[in-house]
Amino acid sequence: MKGIWTYHELLPEVENRARMSLGEGHTPLVKSRFIGPALGLDNLYFKLENLNPTGSYKDRFAAMALSRFVQQGVKVCLATSSGNTGAALAAYCAAAQLPCIMAIVDGAPEGKLQQMRVYGAATLMVKDFGRSPAVTDQVMTMLGRLAEEQQTSVQISAYCFCPEAMEGVQTIAYEIAEAFDEGAQVFVPAGGGGLTLAVARGFERWKQQHETARHHVVHCVQPEGNDTIVSALASGQMHPTAVPHSETAISGLQVPNVLDGLEVIAACRRSGGTGFGVQDEHVWECQDWLAKKEGIFCEPAGAVALAGVRRALAEGSLAPEQPIVCLITGHGFKDMQRASVMASTSGNAYLANEAGLKNYIIQLITKKNER
Ligand SMILES: *Cc1c(COP(=O)(O)O)cnc(C)c1O
């Protein structure tokens with residue numbers, strides 16, 4: 001199993017013995033059967049990053065991060081995460097047999113923390129961490145110092161903290177570049193923007209390496225309640241802006257401070273891409289659509305790119321004949337609360353006997369035919 005190491009020539013140097021993989025990457029690129037045609041898009045594709053080993057693209061980051069740890073003989077992994085980065089690090093730490101210790105923001109959803117502890121990680125929630133800027137600063141400073149003492153580094157999935165590990169994420173772009181004979185428009189959901197930057201840099205890196213490579217456009221999509229990047233990008237400004245607090249309910253994209261935003265704006269613009277803001281309600285609608293019209297079950301953050309495509313169409317800024325790719329970044333199982341909202345109740349019954357069952361089936365079939 002090669003995982004991200006298929007592209008080792010484009011990745012930071014890691015010896016063969018230290019290369020870790022749990023089968024991340026090489027995710028399917030599925031052509032839309034329903035939503036694309038319904039929107040008048042002949043070439044709409046979904047890149048299924050939800051099918052990575054722990055259910056999100058963060059596995060590409062963790063594979064790179066832990067491989068470097070093994071190579072360097074690092075003995076412990078320290079991180080802060082409330083979600084998918086934590087789960088990914090926890091899994092690859094288990095595989096590397098390194099202790100994984102996570103400082104967790106106050107109020108993070110228990111479901112995501114459970115996945116980390118399943119792999120044996122410690123999830124240590126700190127009062128007011130992630131809520132009060134002062135507490136957050138104190139915790140981050142302490143962690144940085146402690147990491148230095150312990151000859152490790154704090155793992156966060158952004159270029160401003162972990163640039164080498166983020167190169168693992170660039171493999172998404174390499175896979176897309178290999179899949180298309182023509183230029184594609186790629187829609188990417190963003191919190192801090194690390195993923196968007198990885199995709200844009202990945203295409204640039206690929207182009208340096210392959211003379212005949214096509215040009216791909218990278219668009220950045222954020223919930224309007226956490227618009228640190230996309231308005232600035234769309235209106236021609238250079239600088240991202242922090243928001244006082246995140247007002248989106250989309251877990252994973254609640255990043256009110258500026259991480260990789262400055263570089264994201266520059267990189268998307270160089271590619272010819274722009275920014276789109278989307279409402280939470282539209283994201284949930286797209287999540288429901290993906291499940292019921294395509295058979296793709298993603299978490300809300302994983303449906304943000306599709307909401308961005310709809311926004312772009314509404315603004316008239318999309319060439320419909322060009323290939324369009326939505327990154328489906330995380331699995332639906334990550335957020336069971338949303339799943340219980342999406343699960344239809346009309347197809348749910350407890351029946352007394354075989355006659356009741358028959359009646360119910362006939363009823364359901366007749367209803368289907370009437371529609
Ligand atoms: C981390 C994550 C993103 C994007 O994160 P950035 O902070 O912009 O790098 C998008 N979707 C999911 C499911 C994620 O876990």
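The values are calculated or read from the model by the stated rules, or taken from the named source; none is laboratory data. The structure presented is a predicted model; accordingly, all values stated were derived computationally and were not measured. Every residue, glycine as well, gets a Cβ built from its backbone with ideal geometry; the counts of neighbours run over all protein chains shown.
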Which listed residue is within 17 Å of the chain's Cα centre (by Cα), surrounded by 20 or more Cβ atoms within 10 Å (Cβ to Cβ), over 30 Å from ASP288 (Cβ atoms) and within 16 Å of the ligand (Cβ to nearest atom), from THR80, THR85: THR80
query: Scanning for something within 22 Å of GLY36 (Cα to Cα), crowded, with 24+ Cβ neighbours inside 10 Å and at pLDDT 95 or above, does region 198-211 turn up at least one residue?
result: no
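Taking THR241, is it more than 25 Å from LEU89 (Cα to Cα), outside any helix (DSSP H, G or I) and free of Cβ contacts under 8 Å to residues at least 24 places away in the same chain?
It is true that THR241 is more than 25 Å from LEU89 (Cα to Cα), outside any helix (DSSP H, G or I) and free of Cβ contacts under 8 Å to residues at least 24 places away in the same chain.
From the list GLY275, GLY252, exactly one residue is surrounded by 20 or more Cβ atoms within 10 Å (Cβ to Cβ) and within 30 Å of ARG214 (Cα to Cα). Which is it? Spell out the reasoning first.
Working: GLY252 fails: within 30 Å of ARG214 (Cα to Cα).
Matching residue, one of GLY275, GLY252: GLY275.
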message: Report every pair of residues separated by at least 6 positions or lying on different chains whose Cβ atoms are under 6 Å apart, first residue within region 333-357 and assigned by TED's automatic domain parsing to the domain that holds ASN50, second in a loop (DSSP other than H, G, I, E, B) and of a type in the set (D, E, K, R).
response: LYS334/GLU299; ASP335/GLU299
- prompt: Hey, any hits in region 52-71 for a residue that's in a loop (DSSP other than H, G, I, E, B) and either among the aliphatic types (A, V, I, L, M) or at positive phi (or both)?
  reply: yes
Looking only at region 79-137, and only at residues there that are touching a Phe, Trp or Tyr at 6+ places or on another chain (Cβ under 7 Å) and more than 15 Å from ALA62 (Cβ to Cβ), the one that is modelled with the highest pLDDT: ALA103
Residues (away from the ligand (no atom under 16 Å from the Cβ) and aliphatic (A, V, I, L, M)) located in region 177-211: ALA177, ALA179, ALA184
message: Go through region 323-366 and report how many residues are farther than 23 Å from GLN287 by Cα and either loosely packed, with under 11 Cβ neighbours inside 10 Å or not charged (D, E, K, R) (or both).
response: 17
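Yes/no per residue for (1) surrounded by 15 or more Cβ atoms within 10 Å (Cβ to Cβ); (2) more than 17 Å from the chain's Cα centre (by Cα):
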residue: ALA94; (1), (2): yes, yes
residue: VAL105; (1), (2): yes, yes
residue: ASP128; (1), (2): yes, yes
residue: ALA134; (1), (2): no, yes
residue: ASP137; (1), (2): no, yes
residue: LEU143; (1), (2): yes, yes
residue: GLN170; (1), (2): yes, no
residue: GLU175; (1), (2): yes, no
query: Does LEU113 meet the test of being in a helix (DSSP H, G or I) and surrounded by 14 or more Cβ atoms within 10 Å (Cβ to Cβ)?
result: yes
query: ALA147: assigned by TED's automatic domain parsing to the domain that holds GLN71, small (Gly, Ala, Ser) and under 24 Å from the mean Cα position of the chain (by Cα), yes or no?
result: no
